[in-house]
Structure formats: C-alpha cells, structure tokens
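Chemist: Starting off with a structure, shown below.
The values are calculated or read from the model by the stated rules, or taken from the named source; none is laboratory data. Please read these numbers as outputs of a predicted model, since none were measured by experiment. Neighbour counts run over all protein chains shown; Cβ positions are idealised from the backbone, glycine included.
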Amino acid sequence: MNLSLTGISFAIIALVAGALVPLQAASNAELGRALGHPLWATVVSLLVSVLIAIPVILSMRVPTPILSEIGQLPIWVWFGGIAGVIYITSALILVPRLGATRFIVCVIAGQMLISLILDQYGLMNLPVKEINAGRLVGVTFVLLGMIMVLWLTPSSTNSSNVKASIIGDLNTIENTSTSSTKSVSHFES
C-alpha cells in the first residue's frame, strides 16, 4: 500500500470536501423553501459560488483564462455546469423528502459507479486506473451500505408518500416553467 503524506493530505482534503456536500444539500433545501421554488434556489446557490470564486481567483492571482481555446474544447467540458444544476436542484427537491443521509448515500453510490467507469476507460481525459478487486469490494460495500440505509432502516416518511411528493415537485417545476403568470408555492410544510 503506497500512502505518501501528500496522498493522505489529498484524502483528508477530499474527506472535508465530501463532508460539505450534505451541508450544501441541506442549506440549499432550506433556501428552496424560503424562495418558493427549487430552481430559484439553484440560481442563488450558483451566484453565491461565483461571488466566492471571484475574490479567491483575484487573491491567488490566477492568470486570465485563455479564451481563444474555448472553441476548440470538446462539447463534454460544459457538462460540469449542467451536472451542477441537476445536482443542486435534485438536492433541493429530495433532501427534504428523503433526509440528508438517504440522499447522500445515493449520491455517493452513483458517484462510485460512474467513477469506476471513468477510471477504467480514462474517459474525459482522466488517467486510466483499472478496476481491481480492491475497488470492486469497496464499491460493493458502498452499494450494500446504500441498500441498508434505504431499505433496512426505519423512516419517518412512508416511501409511497415520498414518491408522491417527488412527483408533485416535478409537476410543480413543469407547471411553473410552462406558465410564467401562475405563482406556485413549491415547498409546503
């Protein structure tokens, strides 16, 4: 096992970053309730990200981007922004319904499965890191953990109510986007 101090430091930073994800999901869910619709909360969350990133960029004296290269980039480089909107909006809708633990365990399981594929084939210009027994066992434990959290722990919310609530939220988004004059209260307690 090759664990250098740098590798451990990176792992700790990744652990802290991961610990922030449920806090982000919970705070965005509350923001969605306060603003009346998850998409407004998504916009506000992303604007706050920009407002934080700009001073960090300036204080670190990051060189200006090479804009001439943008037209030569593969189309998939823009997926990060799309994925961010999908993730934030999903968290806004699902965290109040599923709870932070159930939502995050599903997020982690999805991340692990896609990460295996990205690593195995070196997709999106990532270095190839082949699937091995250790990775498969680790991901299997994550998936088993997800199953335990989702189906083997009591929930204060009936799963059929969760499904109906999520479908209602999606219908609200659809109705709001098709009718700009209709005011829809999205999060009702």
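Chemist: Quick one: would you say residue 30 is acidic (Asp, Glu), part of a helix (DSSP H, G or I), free of Cβ contacts under 8 Å to residues at least 60 places away in the same chain and within 20 Å of residue 104 (Cα to Cα)? Before the answer, list the steps.
Modeler: Working: acidic (Asp, Glu): yes; part of a helix (DSSP H, G or I): yes; free of Cβ contacts under 8 Å to residues at least 60 places away in the same chain: yes; within 20 Å of residue 104 (Cα to Cα): yes.
Yes, satisfied.
Chemist: If you take just the helices (runs of 4 or more DSSP H) that sit entirely in the stretch 92-189, which of them hold at least 1 residues that are modelled with pLDDT under 90? Write out each step before concluding.
Modeler: Numbers: elements: 100-121, 133-151, 159-178.
Counting at least 1 such residues, we get 133-151, 159-178.
Chemist: Please go through (1) of a type in the set (Gly, Ala, Ser); (2) loosely packed, with under 14 Cβ neighbours inside 10 Å; (3) closer than 28 Å to residue 77 by Cα for residue 115 and return the number of the only condition it doesn't satisfy.
Modeler: In the conditions (1) of a type in the set (Gly, Ala, Ser); (2) loosely packed, with under 14 Cβ neighbours inside 10 Å; (3) closer than 28 Å to residue 77 by Cα, residue 115 misses (2) alone.
Chemist: Is it the case, given these coordinates, that residue 62 is surrounded by 10 or more Cβ atoms within 10 Å (Cβ to Cβ), among the hydrophobic types (A, V, I, L, M, F, W, C) and not in a helix (DSSP H, G or I)?
Modeler: Details: surrounded by 10 or more Cβ atoms within 10 Å (Cβ to Cβ): yes; among the hydrophobic types (A, V, I, L, M, F, W, C): yes; not in a helix (DSSP H, G or I): yes.
Yes: the conditions hold for residue 62.
Chemist: Would you check if there is a residue in the stretch 76-99 being without any contact (Cβ under 8 Å) to a residue 24 or more places away in the chain, surrounded by 15 or more Cβ atoms within 10 Å (Cβ to Cβ) and not basic (Lys, Arg)? Before you say what the answer is, go through the steps one by one.
Modeler: We begin by selecting, within the stretch 76-99, every residue without any contact (Cβ under 8 Å) to a residue 24 or more places away in the chain; these are 77-83, 86-87, 90.
Then keep just the ones that are surrounded by 15 or more Cβ atoms within 10 Å (Cβ to Cβ); that gives 87, 90.
With the extra rule that they be not basic (Lys, Arg), the set shrinks to 87, 90.
Yes: one or more hits.
Chemist: Might you check whether a residue that is among the acidic types (Asp, Glu), surrounded by 11 or more Cβ atoms within 10 Å (Cβ to Cβ) and over 12 Å from the mean Cα position of the chain (by Cα) occurs anywhere in the stretch 10-32? Outline the logic, then answer.
Modeler: From the stretch 10-32, those among the acidic types (Asp, Glu) are 30; that's our starting set.
Next cut, surrounded by 11 or more Cβ atoms within 10 Å (Cβ to Cβ) only: 30.
Within this subset, residues satisfying the condition of being over 12 Å from the mean Cα position of the chain (by Cα) are 30.
There is at least one residue in the stretch 10-32 that is among the acidic types (Asp, Glu), surrounded by 11 or more Cβ atoms within 10 Å (Cβ to Cβ) and over 12 Å from the mean Cα position of the chain (by Cα).
Chemist: Condition check: part of a helix (DSSP H, G or I), in contact (Cβ under 8 Å) with a residue 12 or more places away in the chain and surrounded by 11 or more Cβ atoms within 10 Å (Cβ to Cβ). Does residue 44 satisfy that?
Modeler: On the way: part of a helix (DSSP H, G or I): yes; in contact (Cβ under 8 Å) with a residue 12 or more places away in the chain: yes; surrounded by 11 or more Cβ atoms within 10 Å (Cβ to Cβ): yes.
It is true that residue 44 is part of a helix (DSSP H, G or I), in contact (Cβ under 8 Å) with a residue 12 or more places away in the chain and surrounded by 11 or more Cβ atoms within 10 Å (Cβ to Cβ).
Chemist: Is it the case that the stretch 65-78 has a residue that's of a type in the set (Phe, Trp, Tyr) and under 10 Å from the mean Cα position of the chain (by Cα)?
Modeler: Taking the stretch 65-78 and keeping what is of a type in the set (Phe, Trp, Tyr), we get 76, 78.
Next, only the ones that are under 10 Å from the mean Cα position of the chain (by Cα) stay: none.
No, the stretch 65-78 contains no residue that is of a type in the set (Phe, Trp, Tyr) and under 10 Å from the mean Cα position of the chain (by Cα).
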